[in-house]
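I have placed the structure first, in the form of structure tokens, so that the comments after it can refer back to it.
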Amino acid sequence: MLKRKDLLAITELAPDEITTILDTAVSFKEVMARDIKKVPTLRGKTVINLFVEPSTRTRTSFELAAKRLSADLVNVSTSTSSLTKGESLLDMAKNLEAMRADLIVLRHPVAGAPHLLARALQCGIINAGDGAHEHPSQALLDLFTIRERKKTLSGLRVLLVGDILHSRVARSDLHALRKMGAEVTLVGPATMIPRGIEPWDVQVAYNFDEALGKENQKPDVIIMLRLQLERQEKGFIPSLREYSRLYGLTMARLRRASPDVLVMHPGPINRGIEISPDVADGLSSVILDQVTNGVAVRMALLYLLMGGKTE
Amino acid sequence: MLKRKDLLAITELAPDEITTILDTAVSFKEVMARDIKKVPTLRGKTVINLFVEPSTRTRTSFELAAKRLSADLVNVSTSTSSLTKGESLLDMAKNLEAMRADLIVLRHPVAGAPHLLARALQCGIINAGDGAHEHPSQALLDLFTIRERKKTLSGLRVLLVGDILHSRVARSDLHALRKMGAEVTLVGPATMIPRGIEPWDVQVAYNFDEALGKENQKPDVIIMLRLQLERQEKGFIPSLREYSRLYGLTMARLRRASPDVLVMHPGPINRGIEISPDVADGLSSVILDQVTNGVAVRMALLYLLMGGKTE
Amino acid sequence: MLKRKDLLAITELAPDEITTILDTAVSFKEVMARDIKKVPTLRGKTVINLFVEPSTRTRTSFELAAKRLSADLVNVSTSTSSLTKGESLLDMAKNLEAMRADLIVLRHPVAGAPHLLARALQCGIINAGDGAHEHPSQALLDLFTIRERKKTLSGLRVLLVGDILHSRVARSDLHALRKMGAEVTLVGPATMIPRGIEPWDVQVAYNFDEALGKENQKPDVIIMLRLQLERQEKGFIPSLREYSRLYGLTMARLRRASPDVLVMHPGPINRGIEISPDVADGLSSVILDQVTNGVAVRMALLYLLMGGKTE
């Protein structure tokens, strides 16, 4: 069990907590490989997916995780939500808790929204993405995927490539990787690298080709980030074509890296922008493994936070 | 069991039916306090949430009630509904019945819509709010909450405060309270008190302060109603500020009442309009109890209307 | 079991496969008549309703079919979908498969979309309507309904009436009926009869009254199609009134047919346009039987495609 009721950010997790989560997810991944991929572990528990920002992938992943643990799951999204009547998020969440929700999975456009709920409520809160702040379950599934393939996290060299500035995935990933002893290099145009990152203890590279091919320092893992297509209009990049030419992962570029490098992406992917289709679907890609592992990691989180007993 | 298949309005319930519902809800509230808050009572039954008006709180409450009784629940809302293709409500409901729905929970903007379905269908109908007419499960959970705290309903003095004219909650509450022997005073601006209410056997007050503080007639319960913010534009109130000054429940005003008065609100609350935050979150408030009790009462309704056997 | 993982079109089914599906649906219809209308057959299986076009009736029918087989069902619709972020349908579906979906029920506005997924994915695909192409589960439930009443399909005379050109139901129905040995006559205005239909081996009639009343050739079944009300604007019909006068099924017109003729409609019906209310609700109508049978047929499909074992 974790000695916490919430998962709000990677920054608050100790390395041994991360290891517990990953180890637990291993056994749930095994459950997902069974013919009957369901256990009664959380029967009678109530999980609410409270999504104030649209998402299919993350919502569905949590929904399947809850159902495969036999919990009751209810989806609440803004389109059907009384937030449209002017109710505050906190009042809404207090209502869900009063209905005896055991855990609320919150996606919200404002950084810190899950922390607000966590402080005010007795029930558990999982941050499923808050603004540009964190998306901790994504980072945990990324760690799981890397560890599964590379057997360790410590000492690995990882490139995080793209719009670091606006990416909650990047923020969660880099903290998670650093905590587990990996070396992280942020790669992207200067306009998309946050300022004041010295405390993060990461390296920065503006030239993707150099970062890929450095002798004796070739990366073990490349995590490509989704480019929000509206960034061009906002002046962060001169054009999609230019961005793609400099920071898109093509097969030609991938050949500079080691043959056993892992290519990852949190999805949904922009084929032909930050990653070419042959790379996304190629032998180095573990993008769909990430998706599978996401369900297993979220089963582990629900299980560990709600204090379920093993079957 | 109730000898009826539908719950359409408080007006049609006999006091002993109300007592049966409240008593049954007591045992379901106990189920909700268990570690595994779920019973197999309605396994294999099908409940449809047919919401033609948006609602999070009521839809979620019925959804949790159904799932905690192990019924299968399907949500149908207009946004995904073939009502947008011009199908009539009755045809839609007949289709759901043909799919072997056992009970349809209907929220609809038109008063009388649930009655129409109830007459035409064999399956059960619960009115979850029809226009400005009734919202009977809300009134039942209000009765439950008052009875739980005050041990009785008979002889209690209750203030119903706000926009009585447009409120289905007010209508259901006052009928429910009168049936159980409570005395009801409607409080609000003259523009928001319906005409022709003599048959209802209630009192009317236009001055909230006087109604709160009358010697030897202090209220036991104050039910604040939500103010629809668009009422100002439609000319029912001069301004929100004016409404709030005269009919908002503030801590200063609450001090005029007895120390053991209960403050209730059907939610979602407009903090600072009809109720101040310190009152909503204060010691007299049982607003979140209402939400918890709502699930228990709806479990009782589903159970009693679908004729489930006890475990 | 069917020796296929997908149901994409009636055209690809052999008559004995159709018979297997209908026979299996008979036993699931019996399950739906029980007090506890649920079997554990597909416990631990995951079904995704992926609806890229709105639908209540079909989505709900599949949802109930899955739940009554104890499968876990997740709804994904475009309104909450990352397709709005520009993800391709195929990438979305690959993600759902990676989450260990066993079967995806797809409704999509583009003909051939389910075939694309079926070729690319290991998991099963059911076409729940693709553009104007096919809607095979609708045709199967139509066959089931006819066979239940007429005891056979072979040799029956069936009229398919209305906008054949734009109707995926018509296309699936006529192929299904021809495969099972029924004779099909398409009835409608020339603008709504597709060209090049000679290979289909069907007859065409432009005069509904004549087709109904032909001596010794009276139809056993009349399947009325829904008229998309926007067809008038697009010039396919001169006016709704004119269409209704020539091709609407009224009681007067129905009297030309045999007394034991079956009247069917895939729904949702436009009362007073293609069918008059007294016919839709009359003794010849089996429209609501179709809806009931739809759930049973879809249970059979889920069961046969996912290779579940009998209880």
Filtered residues of segment B:197-217 (kept if buried (at least 17 other Cβ atoms within 10 Å of the Cβ) and of a type in the set (Lys, Arg)): none
Top-ranked residue of segment B:221-230 - restricted to ones that are open to solvent by 30 Å² or more (accessible area, probe 1.4 Å) and outside any loop (DSSP other than H, G, I, E, B), ranked as modelled with the lowest pLDDT: B:Glu230
Failed item in (1) open to solvent by less than 20 Å² (accessible area, probe 1.4 Å); (2) touching a residue at least 24 places away in the same chain (Cβ under 8 Å); (3) under 29 Å from B:Arg34 (Cβ atoms), with A:Glu63 passing the rest: (2)
Complete set of residues in segment C:108-134 that are open to solvent by 10 Å² or more (accessible area, probe 1.4 Å) and within 14 Å of the chain's Cα centre (by Cα): C:Gly131, C:Ala132, C:His133
Qualifying position, being in contact with a helix residue (DSSP H, G or I) (Cβ under 9 Å, 6 or more places away or on another chain) and exposed (fewer than 13 other Cβ atoms within 10 Å of the Cβ), among C:Met264, C:Met251: C:Met251
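Condition (residue is within 22 Å of B:Val26 (Cβ to Cβ) and not charged (D, E, K, R)) applied to segment B:227-249: is it met by at least one residue?
No, that holds for no residue.
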Options B:Ser285, B:Ser258, B:Ser244; residue that is among the small types (Gly, Ala, Ser) and within 25 Å of B:Thr58 (Cα to Cα): B:Ser285
Segment A:6-16: number of residues that are buried (at least 16 other Cβ atoms within 10 Å of the Cβ) and farther than 13 Å from A:Ala139 by Cβ: 1
Residues satisfying the stated conditions in segment B:61-73, i.e. closer than 23 Å to C:Phe62 by Cβ and facing chain A (nearest Cβ under 10 Å): B:Glu63, B:Ala66, B:Lys67, B:Ser70, B:Leu73
Condition met for C:Thr56 (away from chain A (no Cβ under 14 Å), in contact with an Asp or Glu (Cβ under 9 Å, 6 or more places away or on another chain), crowded, with 22+ Cβ neighbours inside 10 Å and polar (S, T, N, Q)): yes
Checking B:Thr41 against (1) more than 21 Å from the chain's Cα centre (by Cα); (2) more than 14 Å from chain A (Cβ to nearest Cβ), the condition it does not meet: (2)
Any chance A:Val47 is of a type in the set (A, V, I, L, M, F, W, C), in contact with an Asp or Glu (Cβ under 8 Å, 6 or more places away or on another chain) and closer than 30 Å to B:Ala33 by Cα: yes
Any hit, segment A:298-308, residues being under 26 Å from A:Ser55 (Cβ atoms), under 24 Å from the mean Cα position of the chain (by Cα), among the basic types (Lys, Arg) and modelled with pLDDT of 95 or more: yes
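C:Glu183 - would you say it is within 24 Å of C:Met299 (Cβ to Cβ) and surrounded by fewer than 22 Cβ atoms within 10 Å (Cβ to Cβ)?
no
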Set B:Ser81, B:Ser88: member being within 14 Å of chain A (Cβ to nearest Cβ), modelled with pLDDT under 95 and either over 25 Å from A:Arg43 (Cα atoms) or within 22 Å of the chain's Cα centre (by Cα) (or both): B:Ser81
Leading residue by the ranking (farthest from A:Leu249 (Cα to Cα)) among those in segment A:193-215 that are in contact (Cβ under 8 Å) with a residue 24 or more places away in the chain and among the aromatic types (Phe, Trp, Tyr): A:Trp200
Tally, over segment C:216-274, of residues that are touching a strand residue (DSSP E or B) at 6+ places or on another chain (Cβ under 6 Å), of a type outside the set (A, V, I, L, M, F, W, C) and free of Cβ contacts under 8 Å to residues at least 60 places away in the same chain: 1
Members of segment C:24-48 found to be free of Cβ contacts under 8 Å to residues at least 60 places away in the same chain and either touching a helix residue (DSSP H, G or I) at 6+ places or on another chain (Cβ under 6 Å) or among the basic types (Lys, Arg) (or both), listed by number: C:Arg34, C:Lys37, C:Lys38, C:Arg43, C:Ile48
Test result for C:Val47, within 29 Å of A:Asp278 (Cβ to Cβ), more than 17 Å from the chain's Cα centre (by Cα), hydrophobic (A, V, I, L, M, F, W, C) and within 14 Å of chain A (Cβ to nearest Cβ): no
Selection within segment A:270-300 - of a type in the set (A, V, I, L, M) and within 9 Å of chain C (Cβ to nearest Cβ): A:Ala280, A:Ile287, A:Leu288, A:Val291, A:Val295
Single residue of segment C:17-38 satisfying the filter (open to solvent by less than 70 Å² (accessible area, probe 1.4 Å), assigned to a helix (DSSP H, G or I) and farther than 30 Å from C:His133 by Cα) that is nearest to the other protein chains (Cβ to nearest Cβ): C:Met32
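Given B:Arg43, B:Arg34, B:Arg68, B:Arg59, which one is touching a Phe, Trp or Tyr at 6+ places or on another chain (Cβ under 6 Å) and within 24 Å of A:Val47 (Cβ to Cβ)?
Of B:Arg43, B:Arg34, B:Arg68, B:Arg59, the one residue that is touching a Phe, Trp or Tyr at 6+ places or on another chain (Cβ under 6 Å) and within 24 Å of A:Val47 (Cβ to Cβ) is B:Arg59.
The values are calculated or read from the model by the stated rules, or taken from the named source; none is laboratory data. Every value quoted in this text rests on a predicted model; they were computed, and no experiment measured them. A quick note on method: Cβ atoms are made from the backbone with ideal geometry, for glycine too, and the neighbour counts reach across all protein chains shown. Surface accessibility is based on the protein's heavy atoms, side chains included, excluding ligands, DNA and RNA. Shrake-Rupley method; radii C 1.70, N 1.55, O 1.52, S 1.80 Å.
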